[in-house]
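Notes to accompany the following structure.
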């Protein structure tokens, strides 16, 4: 296969091509490395990359396959890891000079799971400062004068620019779904607790969720299946029977799914007018399987997410600030100062309100398969604005611990905008199946 | 059986006597009601009691037994309930005028479980104001000029004075084990999450634990077995196989248990000199199966418990204060004001430190069966001191979620002092078996 073809492959396609002998891991990794060499000077998606090490791992994968031994579902496929996940192959730097000497650590549980499934760790991708709001060097590969979003900036840009078929990210408010939307790819934040966070930087353990970027729904399901073992070391991890997302996500829904279009309280103030129009068209197009639904109390949910993240940021990053305030950006210092002042009563109320808030959505899921809502307020902001965009359409679902996926279904002025689908907790399989159905339905009907 | 004999019966003995036909539930309830009538004017253990209703339930229990139908393990045995557990048979008043009209509610999950096992709810026992530190009207039945402890004041006093064979209580710092110590009875706080808290007043959901008072270890095991079903409605409840505490607690230990005598950082400042001496004697008596162990970091644990309870008190009771400050005692108002000022960073750190603190005890349990430590700093304080005694020897184990039992093994100047044993989380059975062994061993050897 030619290099131009190889970099277009999804994870599932690449794994199949290696398994069939149509290509090798070495050829695949070589193609991606060439793409990175050609493109990353402009995009700036990578925090660290070691071509020799990656090629070495790829050759070993090819040797193992040559022996005819059983191999994992990701055998020989390169994956990128956001630079807040501990890795033994690369140092981890968290986008913060205070971690300059943090170095290599035992692989995070999910990285270890990917490697056990056969993945090659291609490198570490740029995160914004401590996975928060201050922009990093990364540019949007589809429009170099725009932000790729954040905080998983490098992961989204790398996948969006065909430098790697998939990448890990993390989401505390909107750090996976928003950059996926801006970079025109699929982003997935599973139910809180489905993927272990052992070995991942914690900024708000109530909210921090491992997620990922890829270029197909099948890949999101496959990667999640590889990483979703119960881990008693992560307090939010829950016991479950093996989810087999791939099987369910790849199947036809038994009934036509139905969509609850939820504008959320952010709609009027934040949503780009062109995006509002695009959503109205989408809903009209879906017709009687989509209703606009107003969910009462979502303004509280937005506020609870904000309070929990602010206060936990102050608690978990405060010690860094105590150590060396000048090593943090002004924006982050201001944020941590604000967080330290959150009244403890407000924080405890916000923590206690999560299950109540989720229960408030119960009835909706008796009628609708998923919630449909924007993945971001509009296309990626211009770099000159100095922001990574607003997570206002994502944070409330993160707080509620619900699985959410961003699907690259819309375009505004030639720039991608994602449609976000949100499902019931622990029903990630149905969410992905519905996402796949929607993408296919729209492709066939337009 | 005579009335004087009946009121001496433990729960297990009373249940057996009813099952054998040696007595009836009606005779038993009548005997306890007579004892209450004679004694409660002085002791003040009861918040509400309805003799006709209790007798009516007792007669119905006798009728059911007369039919020869299968009956529960507590069939016909009266139990008392602290006045912070919702009950359908009695109003609940939480020791606070703001709950004057709260009224009757669906039984709390654990009350419902007791009734399902056949128990008669004899009445509600006095709690201190909102289960906190301000003393209530109850006196210590063994020394009427002394406190029964708190907050489960009425439950401890009622069981200590033979007005009921067992009673439910709750512990957030030391509200079960300390009054058990002062009133010369057995008190048990199981592992956090073993008994559901659904329908119980919450003052600090991180710490609040259902516990109980009785006059034998067998009773503690039997009552816990009746109440320990997993309840998904309580976030700290955990799935488990049916524990069968009774069977294990009643058996001989396979090996002689070993005791880690832990003085805790409170020893020097708080422990009564006579109590220190009594403990030294106990340890000498146990000889080579008891070692004094210093656990590093317990001062932090004490502080974390304090911070969590203070802040959560402010969050959970603050709304009452907002409603009518004048309805709360000055002491409680001051406490809630203090709690509202806890820096959110300190609170989040205290929450995050619990499992770390517990892990720090890991090695100890490789060598010792249980921790041995005082249940209270000394005998019950005099009423004129205006306090319910200090929970300083209990709060750290409550914070760590570990099961703890108080055994009435010591006397200082004719007043009882409890020995507290603390076990590993979710190993309540071994803790009770060890407690039973210790009580028996000391009875035989002295």
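Grab the helices (runs of 4 or more DSSP H) fully contained in region B:1-43, keeping just those with 3 or more residues being over 24 Å from residue B:115 (Cβ atoms). Break it down stepwise before answering.
Values: elements: B:3-6, B:11-20, B:25-43.
Qualifying helices (runs of 4 or more DSSP H): B:3-6, B:25-43.
Among A:154, A:150, which is part of a helix (DSSP H, G or I) and within 19 Å of residue A:94 (Cβ to Cβ)?
Details: A:150 fails: part of a helix (DSSP H, G or I).
Being part of a helix (DSSP H, G or I) and within 19 Å of residue A:94 (Cβ to Cβ) holds for just one of A:154, A:150, which is A:154.
Whether any residue in region B:102-110 is at pLDDT 95 or above and touching a strand residue (DSSP E or B) at 6+ places or on another chain (Cβ under 7 Å) is what I want to check.
Checking region B:102-110: at least one residue is at pLDDT 95 or above and touching a strand residue (DSSP E or B) at 6+ places or on another chain (Cβ under 7 Å).
Does region B:94-101 contain any residue that is under 24 Å from residue B:29 (Cα atoms) and modelled with pLDDT of 95 or more? Write out each step before concluding.
Here is the first cut: in region B:94-101, the ones under 24 Å from residue B:29 (Cα atoms) are none.
So far as region B:94-101 goes, no, none of its residues is under 24 Å from residue B:29 (Cα atoms) and modelled with pLDDT of 95 or more.
Failed condition for residue B:47, given (1) closer than 26 Å to residue B:156 by Cβ; (2) part of a helix (DSSP H, G or I), with all others met?
(2) is the only condition that residue B:47 fails.
Exactly one condition in (1) away from chain B (no Cβ under 11 Å); (2) surrounded by fewer than 17 Cβ atoms within 10 Å (Cβ to Cβ); (3) within 25 Å of the chain's Cα centre (by Cα) is not met by residue A:327; state its number.
In the conditions (1) away from chain B (no Cβ under 11 Å); (2) surrounded by fewer than 17 Cβ atoms within 10 Å (Cβ to Cβ); (3) within 25 Å of the chain's Cα centre (by Cα), residue A:327 misses (3) alone.
Any residue that is out of contact with any strand residue (DSSP E or B) (no Cβ under 6 Å at 6 or more places or on another chain), touching a residue at least 40 places away in the same chain (Cβ under 8 Å), surrounded by 19 or more Cβ atoms within 10 Å (Cβ to Cβ) and away from chain A (no Cβ under 14 Å) - is there at least one of those in region B:346-355?
Checking region B:346-355: not a single residue is out of contact with any strand residue (DSSP E or B) (no Cβ under 6 Å at 6 or more places or on another chain), touching a residue at least 40 places away in the same chain (Cβ under 8 Å), surrounded by 19 or more Cβ atoms within 10 Å (Cβ to Cβ) and away from chain A (no Cβ under 14 Å).
Could you check region A:65-99 and list, in sequence order, the residues that are in a helix (DSSP H, G or I) and surrounded by fewer than 16 Cβ atoms within 10 Å (Cβ to Cβ)? So that I can check it myself, show each step before the final result.
Within region A:65-99, the first condition is being in a helix (DSSP H, G or I), and the residues that meet it are A:65-66, A:97-99.
Matches in region A:65-99: A:66, A:97.
Which of the following residues is at pLDDT below 95 and away from chain B (no Cβ under 14 Å): A:361, A:372? Even if it seems obvious, please write down each step before you answer.
Working: A:372 fails: at pLDDT below 95.
Checking each option against the conditions leaves just A:361.
Can you pull out every residue in region A:335-345 that is buried (at least 17 other Cβ atoms within 10 Å of the Cβ) and more than 10 Å from chain B (Cβ to nearest Cβ)?
Hit for region A:335-345 is A:335, nothing else.
Could you tell me whether any residue of region A:304-312 is part of a helix (DSSP H, G or I), closer than 25 Å to residue A:260 by Cβ, more than 10 Å from chain B (Cβ to nearest Cβ) and touching a strand residue (DSSP E or B) at 6+ places or on another chain (Cβ under 9 Å)?
Looking for residues that are part of a helix (DSSP H, G or I), closer than 25 Å to residue A:260 by Cβ, more than 10 Å from chain B (Cβ to nearest Cβ) and touching a strand residue (DSSP E or B) at 6+ places or on another chain (Cβ under 9 Å), one finds none in region A:304-312, hence no.
Suppose the filter is closer than 27 Å to residue B:202 by Cα, crowded, with 18+ Cβ neighbours inside 10 Å, away from chain A (no Cβ under 14 Å) and in contact with a helix residue (DSSP H, G or I) (Cβ under 9 Å, 6 or more places away or on another chain); does residue B:332 pass it? Break it down into steps so the answer makes sense when it comes.
Details: closer than 27 Å to residue B:202 by Cα: yes; crowded, with 18+ Cβ neighbours inside 10 Å: yes; away from chain A (no Cβ under 14 Å): yes; in contact with a helix residue (DSSP H, G or I) (Cβ under 9 Å, 6 or more places away or on another chain): yes.
Yes: the conditions hold for residue B:332.
If you go through region A:115-139 one residue at a time, how many are outside any loop (DSSP other than H, G, I, E, B) and either in contact with a helix residue (DSSP H, G or I) (Cβ under 6 Å, 6 or more places away or on another chain) or within 13 Å of residue A:332 (Cα to Cα) (or both)? Quick ask: steps written out before the conclusion?
Taking region A:115-139 as the starting set, the residues that turn out to be outside any loop (DSSP other than H, G, I, E, B) are A:115-116, A:120-125, A:129-131.
Subset that is either in contact with a helix residue (DSSP H, G or I) (Cβ under 6 Å, 6 or more places away or on another chain) or within 13 Å of residue A:332 (Cα to Cα) (or both): A:120, A:122, A:125, A:129-131.
The number of residues fulfilling the criteria is 6.
Being surrounded by fewer than 24 Cβ atoms within 10 Å (Cβ to Cβ) and in a helix (DSSP H, G or I) is the filter here, so list the residues in region B:100-110 that pass it. Give the derivation first.
Start the filter on region B:100-110 by keeping residues that are surrounded by fewer than 24 Cβ atoms within 10 Å (Cβ to Cβ), which leaves B:100-107, B:109.
Within region B:100-110, B:109 is the sole residue that qualifies.
Just wondering, is there one or more residues in region A:272-289 that are within 14 Å of chain B (Cβ to nearest Cβ), within 22 Å of the chain's Cα centre (by Cα) and in contact (Cβ under 8 Å) with a residue 40 or more places away in the chain? Don't jump to the end; show me each part of the working.
Residues of region A:272-289 that are within 14 Å of chain B (Cβ to nearest Cβ), as a first pass: none.
So far as region A:272-289 goes, no, none of its residues is within 14 Å of chain B (Cβ to nearest Cβ), within 22 Å of the chain's Cα centre (by Cα) and in contact (Cβ under 8 Å) with a residue 40 or more places away in the chain.
The values are calculated or read from the model by the stated rules, or taken from the named source; none is laboratory data. Quick caveat, the model's predicted, so the values are computed rather than measured. Every residue, glycine as well, gets a Cβ built from its backbone with ideal geometry; the counts of neighbours run over all protein chains shown.
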